[in-house]
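See below for the structure under consideration.
The values are calculated or read from the model by the stated rules, or taken from the named source; none is laboratory data. Just so you know, these numbers come straight off a predicted model, no measurement behind them. When we count neighbours, we look across all protein chains shown, and the Cβ atoms used for this are built from the backbone with ideal geometry, even at glycine. Accessible surface areas use protein heavy atoms only, side chains included; no ligands, DNA or RNA. Shrake-Rupley method; radii C 1.70, N 1.55, O 1.52, S 1.80 Å.
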Amino acid sequence: QVQLVESGGGLVQAGGSLRLSCAASGSIFRFNFMGWYRQAPGKQRELVARITSGGSTIYAYSVKGRFTISRDIATNTVYLQMNSLLPEDTAVYYCILESLGGMDYWGKGTLVTVSS
């Protein structure tokens, strides 16, 4: 069983920065990718960014150039540095880990609120 615990959400003014962390624990030996999705009120959950165990990254177009995803393999932790935040970045951010077997594990989410 895999557990994911997110931290780092909060309230920030537009133009500000936040750093999210997601620590994975449990039966983890290797994984396909870890990443972040977000869900704003009344909207579907969408990909923000993800990173493979090899370090390859994918970003949503809306966050390219503002957000940076990174990972620490030794501690199975993934980070999301969010700069130049916009009110439309307001959402619950969820951490995801996809195992080598293709199973997805989700964290409980952390709320990010960007005020204008």
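At a glance:
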{"item": "Accessible area (Å², per residue) of the chain, counting only protein heavy atoms and a probe of 1.4 Å", "result": "54"}
{"item": "Neighbour cut-off at most 16 other Cβ (10 Å), DSSP loop, trypsin sites (Lys or Arg not before Pro), segment 46-98", "result": "64, 66"}
{"item": "Cα→Cβ-extended label distance, 7 Å offset, between residue 53 and residue 106, nm", "result": "2.4"}
{"item": "R0 of 22 Å, Cβ-Cβ distance residue 116-residue 81: FRET efficiency to nearest 0.05", "result": "0.55"}
{"item": "Nearest-0.05 FRET efficiency for residue 66 and residue 98, computed from C-beta distance (R0 22 Å)", "result": "0.35"}
{"item": "With every protein chain in place, the chain: carbon and sulfur % of accessible area (1.4 Å)", "result": "50"}
